[in-house]
1. Do any strands (runs of 3 or more DSSP E) lying entirely in the range 264-354 carry at least 2 residues that are among the polar types (S, T, N, Q), and which ones are they?
2. Just the residues that are of a type in the set (A, V, I, L, M, F, W, C) and more than 16 Å from residue 217 (Cα to Cα), please, taken from the range 179-205.
3. So, residue 303, is that one surrounded by 14 or more Cβ atoms within 10 Å (Cβ to Cβ), among the acidic types (Asp, Glu) and at pLDDT below 85 or not?
4. So in the range 306-326, with the set limited to residues that are small (Gly, Ala, Ser) and surrounded by fewer than 16 Cβ atoms within 10 Å (Cβ to Cβ), which one is farthest from residue 273 (Cα to Cα)?
5. Among strands (runs of 3 or more DSSP E) lying entirely in the range 2-108, which contain 1 or more residues that are modelled with pLDDT of 95 or more and farther than 19 Å from residue 126 by Cα?
6. Kindly indicate whether residue 189 is touching a residue at least 24 places away in the same chain (Cβ under 8 Å) and in contact with a Pro (Cβ under 6 Å, 6 or more places away or on another chain).
7. Among 313, 270, which is assigned by TED's automatic domain parsing to the domain that holds residue 332 and closer than 15 Å to residue 351 by Cα?
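The values are calculated or read from the model by the stated rules, or taken from the named source; none is laboratory data. Not measured: the values here are computed from a predicted model. All Cβ positions, glycine included, derive from the backbone under ideal geometry; neighbour counts span all protein chains shown.
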Amino acid sequence: MKKDISFLLLLIILINILCLKSIIAQTFNGNVILTTQSEVNSFGSENYVNISGNLKISGLDINDISSLSTLNFIGGDLFISDNSLLSNLNGLNGIVTINGNLKINNNAALTDLDGLTGITSVNGYLYINNNSALSSLLGLLNISSINGYLELSYNNALLNLDGLGGITSIGGYLTIASNTIITNLDGLNNILSVGADLSITTNPELSNFCGLYNLLNSNGLTGIYTVLGNDQNPTIHEIIENCGSILISAKIFLEGPYSSSDFYMNQALSVPLNSPYSQDPQSVSSIGVDVVDWVLLELRSAEDKSRIISSRSAFLLKDGTIVDLDGTSPVTFDTPNIRYYLVVKHRNHLAIMSNYEID
């Protein structure tokens, strides 16, 4: 029996040693600087999983980094800079954590950041600057926090900030500057705290600032508010006053019996006083004569249609109008007046979603 136990302990020790050697073999200790395509290919062939230091990718002939697909962890900074031929970041999809800073600048052919979808947090700053073909930030959608600052500047093809919708806090300053075609800040609507100054300047088409409502209404801005040189330059007070809610005025028709004379839906059924939807339990003392039934309205994220921002129980009238529980008013959502998809649900029918974003 003693021999069996001794053998088992020896086996466990050997397994632990082998596992430790495997982990060590998968880790590159130090900094990695890749300046040519051949260097990228050579490093990728080693199948490293972790880099203890920084990773910098910067080279005039680098056009494909897919060989880096085994990487999972960067112990320092990730810099992707001055690559004139690199059009995407496919190959970095496995990276989950960056312990340092993330810098993406001066990449003339880069069109998207989809190769960064695995990253959930950046412990340093996030700096995206002067990427003239970059049109989408959706690859950053899984990042929830940035411990340093966030700066987006001189990205002249950038359509919107939708890829930043997962971020809830920024430890340093927030700067949005000189992005020539963005029109709104909707991608910032989940940010509740900024640890330093907020600066939004010289974005000539930017007119809708409602993406800042949650931050400003919750007093989440620590530093100075600077907004100038944009198409519109609202004050904090103006954003809070004008962006605090959204009204839904909509009509739908349920499949079922109609009046042949006026095409009204049949409202002869008994409608319960309590909403059947657990997402927004509501009750009323009486039901109006024109009410057909309860419906549930959902506002869904413009970046991710599966993500529900808010839900409201409402009434459907016989003429198809959806109204609030007073029986006459449009349905009000206490959410920033930004872009959403609208979903309408009824307990006996399939749900429907708007074809286009509403704002």
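1. Details: elements: 291-301, 308-317, 321-323, 331-333, 340-346, 349-353.
Once the strands (runs of 3 or more DSSP E) in the range 264-354 are filtered for at least 2 residues that are among the polar types (S, T, N, Q), what remains is 308-317.
2. If the condition is that a residue be of a type in the set (A, V, I, L, M, F, W, C) and more than 16 Å from residue 217 (Cα to Cα), then 181, 182, 196, 200 are the ones that fit.
3. The answer is yes for residue 303.
4. 306
5. 32-34
6. Spelling it out, residue 189 is indeed touching a residue at least 24 places away in the same chain (Cβ under 8 Å) and in contact with a Pro (Cβ under 6 Å, 6 or more places away or on another chain).
7. Exactly one residue qualifies, and that residue is 313.
For (1) assigned to a loop (DSSP other than H, G, I, E, B); (2) outside the structural domain of residue 298 (by TED's automatic domain parsing); (3) of a type in the set (D, E, K, R); (4) at pLDDT 95 or above, each residue gets a yes or a no:
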site: 200; (1), (2), (3), (4): no, yes, no, yes
site: 204; (1), (2), (3), (4): yes, yes, no, yes
site: 223; (1), (2), (3), (4): yes, yes, no, yes
site: 226; (1), (2), (3), (4): no, yes, no, yes
site: 238; (1), (2), (3), (4): no, yes, yes, no
site: 256; (1), (2), (3), (4): yes, no, no, no
